[in-house]
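One structure below.
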Amino acid sequence: MTTYTICVFTENSIGLLNKITIIFTRRRINIESLTVSETERKGISRFTIVIKHEKREEVEKLVRQIRKIIEVLAVFGYLNEDIVYNEIALFKISTPLNGKSVDVETINKVYKAWVVYWGLDYVVIEKTGTETEIFEFFKYIKPHGIIEFVRSGRVAVGKTPQGLIEYLPEEITEWEYYL
Amino acid sequence: MGNLLEIELKQETLAAPAQAKEGQTFLSGAQAMMECLLAESVDNIFGYPGGAIMPTYDALYDYIDRIKHTLVRHEQGAGHAAQGYARVSGRTGVCLVTSGPGGTNLITPIADAIIDCTPMVCIVGQVKSNLLGTDAFQETDMIGVTTPVCKWNYQITDPDEVPEIMAKAFFIAKSGKPGPVVIDFARDAQAAKMTKPFVYKKVEKMVSYSPRVVPKQDQIEKAAELINKAKRPYILFGHGVLIADAVQELLDFVEKTDIPCASTLLGLSAMPNNHSNYMGWLGMHGMYAPNVMTDECDVLIAIGMRFDDRVTGDSTKFAKQARIVHIEIDPSEVDKIKKAEAPVIGDAKEALKMLMPLVKKGDFTGWKNEFRKLDVKEYDKVTLRDLGQEGKIKMAEVVALLSDKTNGEACIVVDVGQHQMVTARYYQFKKANSFIASGGLGTMGFAIPASFGAKVGAPDREVVGIIGDGCFQMTIQELGTIAQSGLAVKMIILNNNFLGMVRQWQQLFFDNRYSFVELQNPDFITIARGFGIDGHTCTERENLSNSLDKMLDSKKAYLLEVIVEKEENVFPMVPAGTSVSEIRLE
Ligand SMILES: Cc1ncc(C[n+]2csc(CCOP(=O)(O)OP(=O)(O)O)c2C)c(N)n1
Ligand SMILES: [Mg+2]
């Protein structure tokens, strides 16, 4: 299984998420993660969808099917080496009064994670990184007792010098920039 | 006449709405919808009223002199009628139905239209926008339900949106690879007044959607090179040629290059069947030579077709030796089933025009003769039997005789089953857009409403529906629509008292276990008469010719029922999932 990251640029309209995801379900492809946000240009959304697949050809076909949705402006499919990508995770860790205190220095220096909230008997730690890095940290922090853990979908940018938006149909370049 | 009407409609459009008189309010959403239809030169719509679409039907009442509306008997009928209309005329079919069950009854035709690339705009009523999501009376999530089966859908909740959205709807439905568009029209948006004057701007391009019509020159050159080098080239053309109105271009191309060609089921009638380069059609029940020769050609030129599994059988074994040129408007179809060495993305008409000056004049007499040799085998094993004058009347005889009597110029609408395949085999088409079938979805019940729609779209043509006894009962209520319209739609039931195609499979692949395929049929003629349509039954061969004459001579709608051999099988046959080399002739 190879991991593919599919970036979809769309007009910002209702129901588009459904239109995109049914293309995956119909082909029985499981979505590993999905992130949607507005891009640097107003009115254009960016979907980042991570899937695992054995056949590159099938992923190429999938990309073309997504492109076919009327409101979709452009679709790009990437292998991990083509992109810079990250996820963000939040860990709610229990820190009872007489329990073992968290080693903030190791957390910061070794794991590049930050305590973002101090509760009375818990802390919230934010860790940004790849899936592997997040799970390494997960293993490290687990003995403290994880009350809650959440991991975001992947966000990714291409390693090409240009922005992906430059590939979009010409007319859009006239659109207002999002500040 | 069509033109005159169009001009009138346009003048109306310009004159009526834009200048609101002093103190006068603007158009309602429903009125705006009617103006959009006029602006798109829509002259016929098919529909069925109900609660959530009533404001639009009320607006329609003021437009009935300009927009002809047909009241069907079931919304599925409206959809298939719109399809028949679109397929024969090349124009966009329009349906108007209510919310909930009205919309869901339209799902089958929508699914049929997307897979057979039929331009259609379906306007579906919806509950008031403040009730959306509350399980209100007759509320169905039409956007959710239709998304997987339509080309585009949109929910209108504000009357001001109407012109812009409808302009997009008509553009999307008709352009590129055509398909159905669903407009979910909230009742309050129909009733409320616009806040500005009605202005309609036709859409010709959208930022997110502008299908390539003119292919890239380098793709054309590569294709031409491959074609020119071929020793045994073979053209397979499909529905795309008809959709692109490229019938003349195909003929010119074939005549210049002398390349033998064959049609897919839906490409039928794009080439006159008596042309010396036309080898027949291919597919599961297609002809012997066209199927077998896919294994013999060195270059396969696929034009406006998509290598459907009913064409290829086992696609991994299909035309394995061939280098493929694929002319196709939808980029997602290229390499989907068969890898193309020379893909040409664009409209078939433009592509053929651009290829013409680059391709060599050819003479493939020897290569064409190889097809003809195989034809002899098919004739001996299949055709002779099918047309043999023994025992009960055979479906093939009826179709062959009808073909003679109509000089191959009728518009033939078929349903789904043995009668469909036999018709495709034995009608000798001479005119384009003359074979209308549900190909991709195989929707039983297609033919009665689609025949009606075709007659609306081409009132001057002889339209003949050829329908199975099973299929006829799926949309039999549309006889009422036909009767009320007064149109002279001709229908033939090829009655074998069986769900014949399924029976054939049970016989051949399920060990003769006939599981629920025998029908107890009604008296079809009495039913037709009950609807006000005359007809008669033909049981004997010696009456067949007269029977067909009687039907064809009728100035009104007519139903001819022919009692045919019960357990006849359709051959050749490429059993599902096998390769064309395993084609069976008996
Ligand atoms: C709506 C629908 N249901 C079921 C089928 C499966 N099916 C395909 S052909 C066929 C039999 C059609 O019978 P009839 O209309 O009598 O035609 P015949 O094959 O006998 O000519 C059936 C049931 C279908 N294609 N469509
Ligand atoms: Mg039958």
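The values are calculated or read from the model by the stated rules, or taken from the named source; none is laboratory data. All values reported here derive from a predicted model rather than from experimental measurement. Methodologically, a virtual Cβ is constructed for each residue, glycine included, from the backbone with ideal geometry; neighbour enumeration extends over all protein chains shown. Surface areas here come from the heavy atoms of the whole protein model, side chains and all, with no ligands, DNA or RNA. Shrake-Rupley method; radii C 1.70, N 1.55, O 1.52, S 1.80 Å.
Look at residue B:387 and say whether it is more than 16 Å from ligand 1 (Cβ to nearest atom) and within 19 Å of residue B:303 (Cα to Cα). Spelling it out, it is not the case that residue B:387 is more than 16 Å from ligand 1 (Cβ to nearest atom) and within 19 Å of residue B:303 (Cα to Cα).
Total residues in the stretch A:19-30 satisfying the condition of being surrounded by 14 or more Cβ atoms within 10 Å (Cβ to Cβ) and under 14 Å from residue A:69 (Cβ atoms): the figure is 6. The residue that is farthest from residue B:42 (Cα to Cα), among those in the stretch B:179-207 that are within 14 Å of another protein chain (Cβ to nearest Cβ) and either open to solvent by 10 Å² or more (accessible area, probe 1.4 Å) or touching a Leu at 6+ places or on another chain (Cβ under 6 Å) (or both), is B:207.
Here's the yes/no breakdown for (1) surrounded by fewer than 18 Cβ atoms within 10 Å (Cβ to Cβ); (2) in the same structural domain as residue A:10 (by TED's automatic domain parsing); (3) out of contact with any helix residue (DSSP H, G or I) (no Cβ under 8 Å at 6 or more places or on another chain):
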| residue | (1), (2), (3) |
| --- | --- |
| A:32 | yes, yes, yes |
| A:42 | yes, yes, yes |
| A:50 | no, yes, yes |
| A:69 | no, yes, no |
| A:74 | no, yes, no |
| A:96 | yes, no, yes |
| A:105 | yes, no, yes |
| A:121 | yes, no, yes |
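Number of residues in the stretch B:480-522 that are away from ligand 2 (no atom under 16 Å from the Cβ) and without any contact (Cβ under 8 Å) to a residue 60 or more places away in the chain: the value is 4. As a summary of the residue check, residue B:444 satisfies the conditions (1) within 9 Å of ligand 1 (Cβ to nearest atom); (2) open to solvent by less than 20 Å² (accessible area, probe 1.4 Å); (3) farther than 30 Å from residue B:277 by Cβ except for the one numbered (2).
For (1) free of Cβ contacts under 8 Å to residues at least 12 places away in the same chain; (2) touching a Pro at 6+ places or on another chain (Cβ under 8 Å); (3) part of a helix (DSSP H, G or I), each residue gets a yes or a no:
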{"position": "B:133", "(1), (2), (3)": "yes, no, no"}
{"position": "B:143", "(1), (2), (3)": "no, no, yes"}
{"position": "B:160", "(1), (2), (3)": "no, no, yes"}
{"position": "B:165", "(1), (2), (3)": "no, no, yes"}
{"position": "B:168", "(1), (2), (3)": "no, no, yes"}
{"position": "B:176", "(1), (2), (3)": "no, yes, no"}
{"position": "B:182", "(1), (2), (3)": "no, no, no"}
{"position": "B:190", "(1), (2), (3)": "no, yes, yes"}
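Of all residues in the stretch A:124-141, none are more than 28 Å from residue A:31 (Cα to Cα) and out of contact with any helix residue (DSSP H, G or I) (no Cβ under 6 Å at 6 or more places or on another chain). Among the conditions (1) surrounded by fewer than 18 Cβ atoms within 10 Å (Cβ to Cβ); (2) in contact (Cβ under 8 Å) with a residue 40 or more places away in the chain, the only one that residue B:315 does not satisfy is (2). Only helices (runs of 4 or more DSSP H) whose full extent lies in the stretch B:359-426 are considered here, and the ones with at least 2 residues that are of a type in the set (Phe, Trp, Tyr) and under 30 Å from residue B:226 (Cα atoms) are B:365-378.
Screening the stretch A:1-15 for residues that are closer than 14 Å to residue A:75 by Cα and touching a Ser or Thr at 6+ places or on another chain (Cβ under 6 Å) and picking the one that is most open to solvent (accessible area, probe 1.4 Å) gives A:11.
With the requirement that a residue be touching a Phe, Trp or Tyr at 6+ places or on another chain (Cβ under 9 Å), near ligand 1 (Cβ under 8 Å from one of its atoms) and in a helix (DSSP H, G or I), what does the stretch B:458-503 give you? Those that are touching a Phe, Trp or Tyr at 6+ places or on another chain (Cβ under 9 Å), near ligand 1 (Cβ under 8 Å from one of its atoms) and in a helix (DSSP H, G or I): B:469, B:470, B:471, B:472, B:502, B:503. Scanning the stretch B:276-294 finds no residues that are free of Cβ contacts under 8 Å to residues at least 40 places away in the same chain and closer than 30 Å to residue B:209 by Cα. Of the numbered criteria (1) buried (at least 23 other Cβ atoms within 10 Å of the Cβ); (2) within 14 Å of another protein chain (Cβ to nearest Cβ), the one residue B:129 fails is (1). Every test in (1) more than 16 Å from ligand 2 (Cβ to nearest atom); (2) closer than 16 Å to residue B:288 by Cα; (3) surrounded by 24 or more Cβ atoms within 10 Å (Cβ to Cβ) is passed by residue B:422 save one, and that test is (1).
Give the number of residues within the stretch B:26-64 that are in a strand (DSSP E or B) and open to solvent by 30 Å² or more (accessible area, probe 1.4 Å). Of the residues in that region, 1 qualify. Among the residues of the stretch B:132-178, those that are open to solvent by less than 50 Å² (accessible area, probe 1.4 Å) and of a type in the set (Lys, Arg) comprise B:151, B:168, B:177. Selection of first residues in the stretch A:5-27 that are more than 8 Å from every other protein chain (Cβ to nearest Cβ) and at negative phi and of second residues that are in a loop (DSSP other than H, G, I, E, B) and open to solvent by 40 Å² or more (accessible area, probe 1.4 Å), restricted to Cβ pairs under 9 Å at least 6 apart or on distinct chains, gives the following pairs, ordered by first then second residue: A:12/A:42; A:23/A:68; A:24/A:30.
Each residue in the stretch B:318-358 was checked for being under 21 Å from residue B:297 (Cβ atoms) and either within 14 Å of chain A (Cβ to nearest Cβ) or assigned to a loop (DSSP other than H, G, I, E, B) (or both), and 17 of them qualify. Of all positions in the stretch B:363-384, none carries a residue that is modelled with pLDDT of 95 or more, within 14 Å of chain A (Cβ to nearest Cβ) and either open to solvent by less than 20 Å² (accessible area, probe 1.4 Å) or within 16 Å of ligand 2 (Cβ to nearest atom) (or both). When the test is whether a residue is within 16 Å of ligand 2 (Cβ to nearest atom) and either open to solvent by less than 10 Å² (accessible area, probe 1.4 Å) or under 23 Å from the mean Cα position of the chain (by Cα) (or both), residue B:452 does not pass it.
State whether one or more residues within the stretch B:71-83 are part of a strand (DSSP E or B), farther than 27 Å from residue A:68 by Cα, away from chain A (no Cβ under 14 Å) and of a type outside the set (Gly, Ala, Ser). Yes: the stretch B:71-83 contains one or more residues that are part of a strand (DSSP E or B), farther than 27 Å from residue A:68 by Cα, away from chain A (no Cβ under 14 Å) and of a type outside the set (Gly, Ala, Ser).
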